[in-house]
Every structure is written in structure tokens, then in C-alpha cells.
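K.L.:
Can you read through this structure? Questions will come right after.
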Amino acid sequence: MICERIDLIKKGENPYFVKELQSGYVVLGDYQYYKGYALFLCKKHVSELHMLEKDFRSKYIEKMASVGEAVFNAFKPAKLNYELLGNTDRLHIHWHFFPRYQDDLAPLHPVWETPKSIREAETMRPSPEQLSKLKKQLLDFFEKN
């Protein structure tokens, strides 16, 4: 799935694409139940973080932190959750950034405990206008740094 998304980025056909960095691609999540939900897709095709060559891994982790900082600054959450799981897409590492807000319905629970039918309801898919606004918010913080 991640490889397909990267192929769409390279073809200029991924509407969720935000920015290319040295070691990966920043994209917004398909669903925005957690407003500002973003991902950082690694440019290398590996299933585990430790499988990256040491220098590249250092750069990837450094850029991951800068993506987190941009998401945090752009969307001003009360807390930002970072996750590198790979349980559903086991072939390509990617980070998830979940902004958590004061009005979060389950602030002490992992995002995955919110039922998928709620998190991925069609009403949580951003319109093209909403997507454009979210991308601009996020890009503004990359361009400032």
C-alpha cells in the first residue's frame, strides 16, 4: 500500500502528498478524524527501522522529528502521538502523527481504540478544499524552517 502511494506521488497523482524530504514523503492521512493526521513514508523499502543503513536511518529519524514539529506547530494539538507500527503494511516503514486535542473523546487511549467505522467514516475524508487548507497549514511550517 505504501509503495503504491509513493508511486502516485512520483506520478503527481497523490492528492494527500504534502512535501518530499531527503529521506521520505510527508502526506496527510486519508481520513481526518484527528485533524492534521499525517504520515512520513520512508523512501527506502524496508520493513523495520533497524534495517536502514545507519547514516540514512539517522537522517530519516531526524526528518521524522521535523515532520512531528511541523504537524505540532501547524495544528496546535494538546499532545502529538508518534507511531511506527507496520502491522497492516509490513513491507514499508512509515510514521503516523496523530494530533490529540482537548476535546478528544478518549484522550487516555491509543487512537486505534477508536472504532475504524468512526475514524474512517466517509464524513472524515476531507473535501478537496479542506485538504488544500490542511496541506497549506502544514507546508507553511516546513517553509519557515
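The values are calculated or read from the model by the stated rules, or taken from the named source; none is laboratory data. Computed from a predicted model, the values in this text were never measured in an experiment. Cβ sites come from the backbone with ideal geometry, for glycine too, and all protein chains shown count toward neighbours. Heavy atoms of the whole protein, side chains included, go into the accessibility calculation; ligands, DNA and RNA do not. Shrake-Rupley method; radii C 1.70, N 1.55, O 1.52, S 1.80 Å.
K.L.:
How large is ³J(HN,Hα) for each residue in region 32-40, as worked out from phi by the Karplus curve 6.51 cos²θ - 1.76 cosθ + 1.60 (θ = phi - 60°), to whole Hz, x for Gly and Pro?
P.N.:
10, 4, 9, 4, x, 3, 9, 9, 10
K.L.:
Any idea of the accessible area per residue across the chain, 1.4 Å probe, to the nearest Å²? Please report the intermediate quantities before stating the final value.
P.N.:
On the way: 8580 Å² over 145 residues.
Solvent-accessible surface per residue comes out at 59 Å².
K.L.:
Can you list residues from other chains, or at least 5 along the same chain, whose modelled amide H is less than 5 Å from the amide H of Lys19?
P.N.:
The list, which skips near neighbours in sequence, is Val26.
K.L.:
Let me ask something else about it. Tell me the label only: which of (i) 33, 32, 32; (ii) 86, 31, 24; (iii) 41, 29, 27 is Cα extents along the principal axes in Å as calculated from this structure?
P.N.:
Here Cα extents along the principal axes in Å agrees with entry (iii).
K.L.:
Still on this structure: Per residue of region 96-110, in order, report the coupling 6.51 cos²θ - 1.76 cosθ + 1.60 (Karplus, θ = phi - 60°) as ³J(HN,Hα) in whole Hz, putting x for Gly and Pro.
P.N.:
Values, residue by residue: 10, 10, 10, x, 10, 10, 4, 8, 4, 6, 9, x, 9, 10, x Hz.
K.L.:
Keeping the other protein chains in place, figure out the carbon and sulfur percent of the accessible area of the chain, with a 1.4 Å probe.
P.N.:
Details: 4600 of 8580 Å².
Carbon plus sulfur share of accessible area: 54 percent.
K.L.:
Which cross-chain or sequence-distant (5 or more) residues have an amide H under 5 Å from the amide H of Arg125, H modelled 1.01 Å from N in plane?
P.N.:
Here Gln32 satisfy the definition.
K.L.:
Place the peptides 85-91, 128-134 in order of packing, highest mean first, counting for every residue the other Cβ atoms within 10 Å and averaging per peptide.
P.N.:
Details: 85-91: 11.0, 128-134: 13.1.
Listed from highest to lowest mean packing, they are 128-134, 85-91.
K.L.:
Sort 58-68, 29-39 by the packing proxy (mean of other Cβ within 10 Å over each peptide's residues), most packed first. Before the final figure, lay out the partial values.
P.N.:
Working: 58-68: 16.9, 29-39: 20.2.
In descending order of packing, they fall as 29-39, 58-68.
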